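The values are calculated or read from the model by the stated rules, or taken from the named source; none is laboratory data. A quick note: this is a predicted structure, and the numbers were derived from the prediction, not measured. Methodologically, a virtual Cβ is constructed for each residue, glycine included, from the backbone with ideal geometry; neighbour enumeration extends over all protein chains shown. These area figures cover heavy atoms from the full protein model, side chains too; ligands, DNA and RNA do not enter into them. Shrake-Rupley method; radii C 1.70, N 1.55, O 1.52, S 1.80 Å.
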Amino acid sequence: MQAMDLFRDLSTAGRDAVSRGLVRHDFQKGQTIVEKGQQVSGAYFVVRGELRVFTLSPGGKEATLYMIRPGETCVLALNSLFNKLLYPAWVQAEEASAVAVVPGALYRHLFASERVIQDLTVHALSTVVFRLMTELEQVHAWQLDQRLASLLLNKASDHGVVLKTQQEIAAHIGTTREVVARLLAEFAARSWITTGRGRITVRQPALLAAVIRRGGTI
């Protein structure tokens, strides 16, 4: 995907304005893109890769709020932009990612004059509300083995490979690396997965799905 592909349906004047103002940034996996309390410079659009928006619990554990995928924008950044607020969370690159930034003043101008930007903003909001509800449901209703099984199935490639460290997984599901290591060892002992350094291969996806369906507790 090219950055300008995101704005191909704008008016000619709108596309020209974005072309002049758009700034592209590349980030490495694990790199922090936005810090909590940082001033937002514009609207952030993912061109390639995936970003994770997270906060910290009082105990210092990371809690994922939502993911931002190619073609999507960050709703919290838009909220900060329109309401002149500092960013309320952290954003990290889940993998090597490219982000296109539309300067704040330009995005506000486009929002006022371009129906495409209005629709895009509303769609982004509705998408994130759904994802936040999903995350909250998992945190409050699912047990840790359910959340781990769900993450493995969601992140596995078509060959069943998940390229994540135990610490990255722990940050996603809101627990410690030690707990993740124990659960992965239990999954591996049942031959549901095999593990390697920074790599997990799902061998029995149907059995992982069964963990989710039956309410956890291996």
In segment 151-208, the residues that are closer than 19 Å to residue 96 by Cβ and open to solvent by less than 70 Å² (accessible area, probe 1.4 Å): 155, 156, 157, 161, 162, 164, 165, 168, 169, 171, 172, 198
Please go through segment 38-62 and pick out each residue that is open to solvent by 40 Å² or more (accessible area, probe 1.4 Å) and either farther than 17 Å from residue 107 by Cβ or assigned to a loop (DSSP other than H, G, I, E, B) (or both). 38, 41, 48, 56, 57, 58, 59, 60, 61, 62
The conditions are (1) open to solvent by less than 40 Å² (accessible area, probe 1.4 Å); (2) not in a loop (DSSP other than H, G, I, E, B), and residue 30 fails exactly one of them. Which is it? (2)
Only residues in segment 121-147 that are of a type outside the set (A, V, I, L, M, F, W, C) count as the first member; pair them with residues that are at pLDDT below 75 and not in a helix (DSSP H, G or I), Cβ under 6 angstrom, at least 6 apart or cross-chain, and list the lot. 143/216; 145/216; 145/218; 146/216
Working only within segment 81-100, note down all residues that are surrounded by 22 or more Cβ atoms within 10 Å (Cβ to Cβ) and under 19 Å from residue 118 (Cα atoms). 81, 100
What's the number of the only condition in (1) more than 30 Å from residue 170 (Cα to Cα); (2) open to solvent by less than 60 Å² (accessible area, probe 1.4 Å); (3) out of contact with any Gly (no Cβ under 8 Å at 6 or more places or on another chain) that residue 6 fails to meet? (3)
Quick one: would you say residue 112 is open to solvent by 60 Å² or more (accessible area, probe 1.4 Å), at pLDDT 85 or above, in a helix (DSSP H, G or I) and among the small types (Gly, Ala, Ser)? yes
